[in-house]
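Below is one structure, written out as structure tokens; comments come after it.
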Amino acid sequence: MGRIHILDALVADQIAAGEVVERPASVAKELVENALDAEAQHIDVTLAEGGRQFLAVRDDGHGMDREDLVLCVKRHATSKIERLEDLAQGTTLGFRGEALAAISAVSRMRMASCPRGSAYGYQVQITGGIPLEPQPCAMDQGTEIVVEDLFFNIPARLKALKSPTAELGAVQNTLQHYAIGYPEVAFKLTSEQTVLWQTSGQGRIDEIVLQLFGREVASDMLEVSWSGHGVTVTGFVCPAGRHRGTRQGQSLFINRRWVTNWVLRNAVEEAFRPNVPDRRYPYFWLWVTVDGAEVDPNAHPTKAEVRLDHERMIAGYLYRAVTEVLTRYSSSSALRVNSSWEVPVASEEVHANEQLMLVWDRPRHEAPEPDPILHEEYQALVPLAQWQAKYIIAQGPLGLYLIDQHAAHERVYYEEFRKKGRDILVSQPLLIPYTYTCLPAEWAKWQENRALFAEMGFEVEEVGGTTLLVRALPQGLTAPHGDNGGIIRTVLESLTEQDAHQGHPIFWTQEAKYAMAACKAAVKAYRPLTLEEMQTLLNLMARVEDPRGCPHGRPTTLHLSMEEVDRRFGRRG
């Protein structure tokens with residue numbers, strides 16, 4: 001008797017589900033795409049435990065009758081294509097007929113649907129891929145799918161899921177792409193009976209960006225519109241000065257399909273260089289429209305990856321479209337640079353008007369070897385110019401020096417804070433407490449890191465919805481102009497950045513707190529400085545104990561000796 005046999009259909013479905021259903025966000029993606037294909041105008045997503053325990057999607061699309069309700073959970077059952085050639089039309093997001101079969105195989109799923117014009121609908125229960133008989137039910141037109149106990153029958157996959165807050169963050173990140181990509185559809189996301197965000201469905205992308213990313217980002221949006229050679233690029237970007245620590249502010253659509261394509265994404269990001277710092281990412285929301293025959297959406301079961309016939313050419317058009325917009329913006333804003341900023345001395349209070357960077361156990365830059373001349377030479381350095389709004393070019397008796405303005409100022413503050421002692425980040429009650437309403441991604445991070453905020457010196461309580469009441473802040477990090485909300489925002493963003501780069505858990509040693517405060521206080525890259533301000537910073541560096549590197553280990557200064565310059569020019573002295 002042979003050893004090869006055909007797998008049981010249920011086992012095959014559970015194995016296949018591993019390609020389509022990775023986590024609650026995968027479930028939300030597939031169900032939302034089905035709702036969009038059903039021409040829904042309203043899509044409500046409801047979660048409990050980040051979708052691990054409960055995830056429901058309700059839409060007002062055209063619905064299904066009893067026969068379709070039974071067929072839709074079978075593998076390769078779909079209403080969206082009949083022939084392979086239909087894929088080239090690209091009119092629907094789904095086409096494989098695998099999603100509902102995969103989801104129902106690894107969960108307890110309930111489906112209810114009522115087609116247009118029907119007085120009632122039908123509902124069906126499927127547990128581990130085994131359906132019960134459909135039953136009539138009273139409901140409005142549309143479909144509701146409830147997924148409970150995801151991976152209850154696959155312990156290894158259940159164990160691999162992250163915390164409820166992490167899974168909630170992934171669902172939010174997924175849904176925001178569809179909210180932006182389909183602004184004519186009203187979306188609502190509810191978690192633990194709290195509405196996290198909702199859109200109006202009025203087609204205003206700027207309103208959606210305001211909801212998801214805040215007023216500062218929405219007010220900086222620049223429109224992109226480019227067309228040529230059968231390719232159209234439309235959408236929005238933010239100026240290079242507006243960036244964040246993760247790519248959660250980026251959405252790319254090809255023929256209205258949200259996709260992940262590193263070649264196209266890198267082309268867009270390249271248009272922003274060198275004006276975006278390392279490990280920071282620009283905001284963009286871009287739609288590329290091409291002939292459907294040039295797109296193959298069947299590259300992966302999740303349909304998030306697509307193959308393009310002329311990928312490099314399209315990448316070049318994206319780069320060109322974004323570069324033209326950024327160039328026009330740069331030209332129009334060149335005369336509006338704020339040059340009134342002054343370098344604060346290290347003994348002043350640390351203010352919260354710049355981006356905060358947290359210190360965790362991440363790979364560190366190695367500081368340069370000690371230069372016995374460097375410390376003394378700082379006293380004699382004379383600034384010549386600022387280069388790229390990041391570096392100070394200075395001359396001294398022994399040659400030229402290139403100083404990283406942020407790293408140098410960070411070292412000044414770090415040593416000052418160490419001298420002050422352990423109370424630099426003690427809690428300081430606010431005279432007038434204030435409220436801060438978290439953005440969707442921020443709320444998940446807040447819930448996951450409440451203990452960390454308390455340890456840092458924050459006193460915060462939840463007062464309803466996604467709003468926080470802030471009663472106290474770390475003593476060294478209060479804002480002079482009332483923008484204390486920036487502290488909360490930048491800590492949450494940095495925690496998100498940590499997750500994105502898979503950093504190790506944060507260990508809040510006292511040294512780490514000093515480094516955090518120093519980074520927060522120091523002048524940032526891309527901040528124009530006058531010659532007087534540059535000289536002030538050089539004088540401060542002349543007084544520090546170790547001017548070689550910032551607290552993170554990055555070098556502060558590069559030295560080019562006169563002998564080296566002569567050698568490079570072929571001179572003998």
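The values are calculated or read from the model by the stated rules, or taken from the named source; none is laboratory data. Model, not experiment: these values are computed from the prediction. Don't worry about glycine lacking a Cβ; one is built from the backbone with ideal geometry, like all the others, and counts go over all protein chains shown.
Points worth noting:
- Here is the figure for the stretch 153-206: residues that are assigned to a helix (DSSP H, G or I) and in contact with a helix residue (DSSP H, G or I) (Cβ under 8 Å, 6 or more places away or on another chain) total 19.
- Unique match (being polar (S, T, N, Q) and at pLDDT below 95) among GLN198, GLN141: GLN198
- The stretch 26-61, residues that are part of a loop (DSSP other than H, G, I, E, B) and in contact with a strand residue (DSSP E or B) (Cβ under 8 Å, 6 or more places away or on another chain): ALA38, ALA40, GLN41, GLN53, ASP60, GLY61
- Considering only residues in the stretch 272-289 that are farther than 16 Å from ASP220 by Cβ and either surrounded by 14 or more Cβ atoms within 10 Å (Cβ to Cβ) or of a type in the set (Ser, Thr, Tyr) (or both), the one that is farthest from the chain's Cα centre (by Cα) turns out to be THR289.
- One residue alone among VAL45, VAL21 is under 25 Å from GLU192 (Cβ atoms) and modelled with pLDDT under 90, and that residue is VAL21.
- If you go through the stretch 411-441 and keep only what is closer than 21 Å to GLN211 by Cβ, modelled with pLDDT of 80 or more and crowded, with 18+ Cβ neighbours inside 10 Å, you end up with TYR436, CYS438.
- Among all positions in the stretch 354-368, there is no residue which is modelled with pLDDT of 50 or more, on the phi < 0 side of the Ramachandran plot and surrounded by fewer than 18 Cβ atoms within 10 Å (Cβ to Cβ).
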